[in-house]
Amino acid sequence: MHVEQLLQLESLDLALLWGERPLLTREISGVTATDLEDPARFLQQGEIVLSGLVWWRPGDSPAKTDHFVSALRSAGATALLAGEETHGTVPGVLVDSCREHGVPLLSVPARTSFRAITEAVYLRQWGDLSRRPAHHYALPANVRTELARLLADGAGPAELLDRAFAHLGRLPCYLLAAGGRTLGRTPSAPELPVQQAAALLRDTARDTTRVTLRIEADSGPYDTWYLYLPTRRRPRRAYSTRSPM
């Protein structure tokens, strides 16, 4: 996923404050939210950085802002997404600093949560199958095309899972966060309490009655997601269950 694709998601309502076109086509490798004044040691190459700008106050010297933005640049951040909730707007000094250091800057309205942005990025990484060349794909071309359309329209995890598994016999399937939170589930999958889901993920290696697919992210273990199928049935050979990441 690229920064410009993130801007195109109407459900997020992000606005570009500064960013040249070549910078907006860089690949997003992950997401980190931080309000540290110097977050460089916690960032990885290619991440977008979400910040509520709690570290900044009106009257702060431009040097403080430059220190923050230069830390993003040195860490190889793809873009800074600055929340408007704390100050009502993104300060002009931050726009100037991002322009000087070559870091694309997007504003995040107060009504858009950082969680929604994070989930949009990782859902796109999971669903954007047609862009990556391979000997075979995890999903047929028509399904990949429809998933791409649904993502562009702001579809949620449940709708994407339902479409992806539609031709597998409507299997019950969950998209789980590492801690057990359900990000999405198919219509045939009953609600799964967080504690139960976390226990199931811990025991997956010992239980052959379930299929669990780990979807890795580069930014840390807490960004790892899991496709979880609580059934002995295996998907038909028309599909592969390998990770598209």
Worksheet item: Counting Lys and Arg as +1 and Asp and Glu as -1, what is the net charge of the other residues whose Cβ lies under 10 Å from the Cβ of Ala110?
Response: -1
Worksheet entry | Cβ-Cβ FRET estimate between Val95 and Asp203, R0 fixed at 51 Å, reported to 0.05 | 0.55
Worksheet item: Residue-wise, which Karplus ³J(HN,Hα) couplings in Hz belong to region 41-56, taking 6.51 cos²θ - 1.76 cosθ + 1.60, θ = phi - 60°, and x for glycine or proline?
Response: 6, 9, 9, 10, 3, x, 6, 8, 10, 9, 9, x, 6, 5, 6, 10
Worksheet item: For Ala33, which sequence-distant residues (separation of 5 or more, or a different chain) have an amide H within less than 5 Å of its own amide H, given hydrogens modelled in the peptide plane?
Response: Leu50
Response to the item:
Scoring only Lys, Arg, Asp and Glu (+1, +1, -1, -1) among other residues with Cβ under 12 Å from the Cβ of Cys98 yields -2
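Every read-out reported here was derived from the displayed coordinates using simple, explicitly stated rules and does not represent laboratory data. Quick caveat: nothing in here was measured; it's all calculated off a predicted structure. Positions of Cβ are generated from backbone atoms using ideal geometry, with glycine treated the same way; all protein chains shown enter the neighbour counts.
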